[in-house]
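Comments concern the structure below.
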Amino acid sequence: MKLTVFGATGGIGQEIVRQALASGHEVTAVVRDPARLTATGERLTVLRADLSDPEALRGAVAGRDAVLSGLGARSRADAGVAARLTRSVLAAMEVERTRRLLVVSAAPLGPVPDGQGVLDRAVLTVVNNVLKDIYADLRVMESDLAASGADWTSVRPPKLTDKPVTGRYRTVVGGNPPRGRSLARADVAHAMLSMIDDPATVKQGVGVAY
């Protein structure tokens, strides 16, 4: 497939690029600073672009089978970046009639699963309060996705780690796995790539966790 990856220099984005290339896909990585992209390969095209300008992104999404985005705030100071930049991606995709889009969101945006323990609920409440600006940003992003014409999927992992890819995790369409406390960034990337052709995930939030 021909894939475009936004946020390709981030932890999840780098993994998407590497795993996609290893699986034989053609990948266009859209970045602001090419020097930060460590992945290489014959099927990799690196495109430097202003992510806030939909017109500048049209060439990156035209004719693509799917667009995958690791865009998001790296700190509370960056809150707002996910919605703002994803809006640019959606606008470019609409003009070019590219439909499939997978993005990274967060587990707290999904419903609390049945069987969730008291401790897990208490931790979730604390995390929601500490990161409320980031989650508010992601809620706006998901609202924009729902209002768009894209065939979107919002992948919602819990706490992220830098462990190696395992390919062994639980997914819940429209919900969250019970007691799902963490997931490696590499496995978030693995899950996103595996969902590209899964019709059950289209226009859905999908909880993913160990």
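Some observations on this one:
- For the stretch 192-198, backbone phi angles converted through the Karplus equation (6.51, -1.76, 1.60; θ = phi - 60°) give residue-by-residue couplings of 4, 5, 6, 8, 3, 9, 9 Hz, Gly and Pro being listed as x.
- Solvent-accessible area, 1.4 Å probe, carbon plus sulfur percent, for the chain: 50 percent
- Amide H contacts of Thr45 (H built 1.01 Å from N, in plane; Pro and chain starts excluded): Val27, Thr28, Ala29 sit under 5 Å, all sequence-distant by 5 or more or on other chains.
- Amide H partners (placed H, <5 Å) of Val206, local residues excluded: Ser154, Val155, Arg156, Gly174
- Gained length - Ala56 relative to Ser143, 0.36 nm times residue gap less alpha-carbon distance: 29.0 nm
- Two-site FRET efficiency, Glu42 against Val112, from Cβ-Cβ distance with R₀ of 41 Å, rounded to 0.05: 0.35
- Residues whose amide H lies under 5 Å from that of Arg100, counting only those 5 or more places away or on a different chain, are Val67, Asp151; hydrogens are built 1.01 Å from N in the peptide plane.
- The Rg/Rh ratio of the chain, with Rg taken over Cα atoms and Rh as the Kirkwood radius over Cα pairs, comes to 0.95.
- Binned Cα-Cα distance frequencies in the stretch 1-58 - 5 Å width, integer %: 4, 22, 34, 23, 13, 4, 0
- Using a cutoff of 8 angstrom between alpha carbon atoms and counting only pairs six or more residues apart, the relative contact order for the chain works out to 21 percent.
- Alpha-carbon centroids, the stretch 53-107 and the stretch 1-45: separation in whole Å: 14 Å
- Kirkwood hydrodynamic radius (C-alpha pairs) into Stokes-Einstein, the stretch 163-210, 4 °C and 1.567 mPa s, D in µm²/s: 119 µm²/s
- Gaussian network model of the chain, Cα within-10 Å springs - most flexible of Gly59, Gly80, Gly70: Gly59
The values are calculated or read from the model by the stated rules, or taken from the named source; none is laboratory data. Here the structure is a predicted model, which means the values were calculated and not measured. Methodologically, a virtual Cβ is constructed for each residue, glycine included, from the backbone with ideal geometry; neighbour enumeration extends over all protein chains shown. Surface accessibility is based on the protein's heavy atoms, side chains included, excluding ligands, DNA and RNA. Shrake-Rupley method; radii C 1.70, N 1.55, O 1.52, S 1.80 Å.
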